[in-house]
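Below is one structure, written out as structure tokens, with a few remarks after it.
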Amino acid sequence: MKRIAFLTTLALVLVLTACGGSKSLTVQNVWARPGVGGQNSAVYFVIDNPGGQADNLLDASSDIADAVELHKSEMGDNGEMKMIHQEKIPVPAKGQVEFKPGGFHVMLIGLKRDLNPGDTFQVTLHFEKAGDITLDVPVKQP
């Protein structure tokens, strides 16, 4: 009986190890553009996924703005930059996704107050597998 319990425990440990362990996502180089109350701003960062399992960024939230959306800036056919709302943003296993001006960003729509260099506020990122990650976002000049 003890041997069966030992083998069952060993099998469970091996299965969990094969699943890539519990390496979690990290978010680095976080910053936001300054903005005026009632206007918009954007948050930028790098998501690092050292684990063996891909994830998806599904949404973001903050009480600093009326609405918070995931966007990607792209050059349109007419040569003008346009922002495209993203339903989700894939984060590859053992990979990174960079949120930067001219690319992916978290759009803050309708700021509830001014964002001045040196200010800090919070944004929560909502991932499909990793759950929620709350960021302290410093406001900086680009």
- State whether the residues of the stretch 108-127 include one that is surrounded by fewer than 15 Cβ atoms within 10 Å (Cβ to Cβ), under 20 Å from residue 27 (Cβ atoms) and over 15 Å from the mean Cα position of the chain (by Cα). yes
- Hand me the list of strands (runs of 3 or more DSSP E) wholly inside the stretch 47-142 holding 2 or more residues that are touching a residue at least 12 places away in the same chain (Cβ under 8 Å) and of a type in the set (D, E, K, R). 55-61, 65-75
- Item | Criterion (over 15 Å from residue 105 (Cβ atoms) and modelled with pLDDT of 95 or more) met by exactly one of 7, 58 | 58
- Note on the structure: Quick count over the stretch 10-43, residues being surrounded by 12 or more Cβ atoms within 10 Å (Cβ to Cβ) and modelled with pLDDT under 95, is 4
- Considering residues of the stretch 23-46 that are among the hydrophobic types (A, V, I, L, M, F, W, C), in contact (Cβ under 8 Å) with a residue 60 or more places away in the chain and in a strand (DSSP E or B) only, the residue farthest from residue 106 (Cα to Cα): 27
- Message: Residue under question is residue 46, and the condition is that it be of a type in the set (A, V, I, L, M) and either surrounded by 15 or more Cβ atoms within 10 Å (Cβ to Cβ) or touching a Gly at 6+ places or on another chain (Cβ under 8 Å) (or both); does it hold?
- Response: no
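For residue 76, are the conditions met, namely being in contact with a Lys or Arg (Cβ under 9 Å, 6 or more places away or on another chain) and modelled with pLDDT under 95?
When the stated conditions are applied, residue 76 passes them.
The values are calculated or read from the model by the stated rules, or taken from the named source; none is laboratory data. Just so we're clear, the structure is a prediction, and the values are computed from it rather than from any experiment. Virtual Cβ from ideal backbone geometry, glycine too; neighbours counted across all protein chains shown.
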